[in-house]
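First comes the structure, then the notes that go with it.
The values are calculated or read from the model by the stated rules, or taken from the named source; none is laboratory data. None of these values were measured; they are calculated from a predicted model. Quick reminder, even Gly has a Cβ in these numbers, built from the backbone with ideal geometry, and neighbours come from all protein chains shown.
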Amino acid sequence: MTAIAFIGGGNMASAILGGLIENGYDSQSIFVSDPSQEKLDELAQQFNVNTNGDNEAVIAQADVVILAVKPQVMQQVIAPLKSAFDKKKPLIISVAAGISLESLSAWTSSDLSIVRCMPNTPALVQQGASGLLANQNVSDDEKALTNSILSAVGISVWVNSETELDAVTALSGSGPAYFFLFIESMISAGEQLGLTAETAKQLALQTALGAATMASKSELEPAQLRKNVTSPNGTTEQAILSFQKQGLEASVKTAMEAAFNRSIELSKELAK
């Protein structure tokens, strides 16, 4: 079985390795390093994986290395590991936002197969949506291996450029927060219309879950599903007309463009 090493044992690493084990992956083929012994003990107890405080030691065991450290410390963590990467030549998957393939190659080796992954927080409940970008060294088999690993926490799609990955960041990377804000607003409005806070919360959450599930399972486009719910002169139509009058579509576009532009800025800042 493919041996997988995680450099960093935080939330995203825990989500991926937990999803792998839940889907039948051998826990003894998973290795995790982290500077916190408390975190390592927690992961060993929870998932029965191999842990070590030495990054080079886990790389030596690995066919795949998942970089799951904070973007701000990525360079200082992986630059000292060049010789370990050169010796083992694993497939590298980075889940750190904003760190370009060019930077990752410069800090490790231009000969390595490297995949950038832009995950999102629903990966913590195995409902993630990830964008993937490969460098020129990644083979079709390595792409398939990447897909099989990340399928443990949701869906993944391949893109062709850093710019497209910035767009993924604006859509699915930051997207959960947009929906959380909308749910917050629905709960607040429900309370103002006379519902209790708990009732408004239950109804808003289930409505969001139901709409997303329906859209994902239906052969119809979301626009058509919306039209099917919107009866002429009905209550839904009045709400939709109000959203459109207040420029909801334009607001969403402006917000995503802001996230897209900030993603580009962050990549430039982190490359310095």
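Mind checking which residues of region 58-79 are in a helix (DSSP H, G or I) and either touching a residue at least 12 places away in the same chain (Cβ under 8 Å) or in contact with a His (Cβ under 8 Å, 6 or more places away or on another chain) (or both)?
Taking region 58-79 first, the residues in a helix (DSSP H, G or I) are 58-59, 71-79.
V58, I59, P71, Q72, M74, Q75, V77, I78, A79, listed by residue number.
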Original post:
Limited to region 1-28, what total is found for residues that are surrounded by 17 or more Cβ atoms within 10 Å (Cβ to Cβ) and of a type outside the set (A, V, I, L, M, F, W, C)?
Top reply: 6
**OP:** With respect to G18, determine if the residue is closer than 21 Å to A144 by Cα and among the small types (G, A, S).
**Re:** yes
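Quick one: which of E249, E219, E184 is exposed (fewer than 13 other Cβ atoms within 10 Å of the Cβ), at pLDDT 95 or above and not in a helix (DSSP H, G or I)? Please lay out each step first, then the result.
Numbers: E249 fails: not in a helix (DSSP H, G or I); E184 fails: not in a helix (DSSP H, G or I).
Checking each option against the conditions leaves just E219.
What number of residues within region 75-103 are in contact with a Phe, Trp or Tyr (Cβ under 6 Å, 6 or more places away or on another chain), surrounded by fewer than 20 Cβ atoms within 10 Å (Cβ to Cβ) and under 12 Å from E56 (Cα atoms)?
In the first step, residues of region 75-103 are kept if they are in contact with a Phe, Trp or Tyr (Cβ under 6 Å, 6 or more places away or on another chain); the result is 75, 78-79.
After this cut, where a residue has to be surrounded by fewer than 20 Cβ atoms within 10 Å (Cβ to Cβ) as well, the list is 75, 79.
Cutting the leftovers down to under 12 Å from E56 (Cα atoms) gives us 79.
Number of matching residues: 1.
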Original post:
Quick one: how many residues across region 11-57 are in contact with a helix residue (DSSP H, G or I) (Cβ under 8 Å, 6 or more places away or on another chain) and assigned to a loop (DSSP other than H, G, I, E, B)?
Top reply: 6
Subject >> Filter result for the condition that a residue is under 17 Å from A167 (Cβ atoms) and not hydrophobic (A, V, I, L, M, F, W, C), over P119, P90 >> reply: P119
**OP:** Could you please tell me which pairs satisfy a Cβ distance under 6 Å, a separation of 6+ or placement on different chains, a first residue in region 255-270 that is outside the structural domain of L101 (by TED's automatic domain parsing) and modelled with pLDDT of 95 or more, and a second residue that is crowded, with 17+ Cβ neighbours inside 10 Å and not in a helix (DSSP H, G or I)?
**Re:** A259/S174
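I'd like to verify a number: residues in region 109-132 that are within 13 Å of the chain's Cα centre (by Cα) and crowded, with 16+ Cβ neighbours inside 10 Å, how many?
Keep residues of region 109-132 that are within 13 Å of the chain's Cα centre (by Cα), which gives 116-132.
Next, only the ones that are crowded, with 16+ Cβ neighbours inside 10 Å stay: 116-124, 126, 128-132.
Within region 109-132, residues that are within 13 Å of the chain's Cα centre (by Cα) and crowded, with 16+ Cβ neighbours inside 10 Å number 15.
Residue-wise test of (1) within 18 Å of the chain's Cα centre (by Cα); (2) closer than 30 Å to F260 by Cα; (3) not polar (S, T, N, Q).
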| site | (1), (2), (3) |
| --- | --- |
| L20 | yes, no, yes |
| N50 | no, no, no |
| N55 | no, no, no |
| I78 | no, yes, yes |
| K89 | no, no, yes |
Original post:
Of the residues V229, V138, which is under 24 Å from R116 (Cβ atoms) and either hydrophobic (A, V, I, L, M, F, W, C) or in contact with a Cys (Cβ under 7 Å, 6 or more places away or on another chain) (or both)?
Top reply: V138
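Give me a count of the residues in region 192-210 that are part of a helix (DSSP H, G or I) and exposed (fewer than 15 other Cβ atoms within 10 Å of the Cβ).
Looking only at region 192-210, we keep the residues that are part of a helix (DSSP H, G or I), and these are 192, 197-210.
Going one step further and asking which of them are exposed (fewer than 15 other Cβ atoms within 10 Å of the Cβ), we end up with 192, 197-199, 202-203, 205-207, 209-210.
Of the residues in that region, 11 qualify.
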Original post:
Exactly one of (1) surrounded by fewer than 14 Cβ atoms within 10 Å (Cβ to Cβ); (2) farther than 24 Å from G98 by Cα is unmet by A258. Its number?
Top reply: (2)
Original post:
Cβ-Cβ below 9 Å, separation at least six or inter-chain, first residue in region 142-165 and over 19 Å from A123 (Cα atoms), second among the basic types (K, R): which pairs?
Top reply: E162/R116
Original post:
Just to be sure, is I16 under 24 Å from I155 (Cβ atoms) and in contact (Cβ under 8 Å) with a residue 12 or more places away in the chain?
Top reply: yes
Subject >> Residue within region 149-172 that is surrounded by 20 or more Cβ atoms within 10 Å (Cβ to Cβ) and more than 20 Å from A97 (Cα to Cα) present >> reply: no
Original post:
Which of the following residues is surrounded by fewer than 21 Cβ atoms within 10 Å (Cβ to Cβ) and at pLDDT below 95: A144, A106, A189?
Top reply: A106
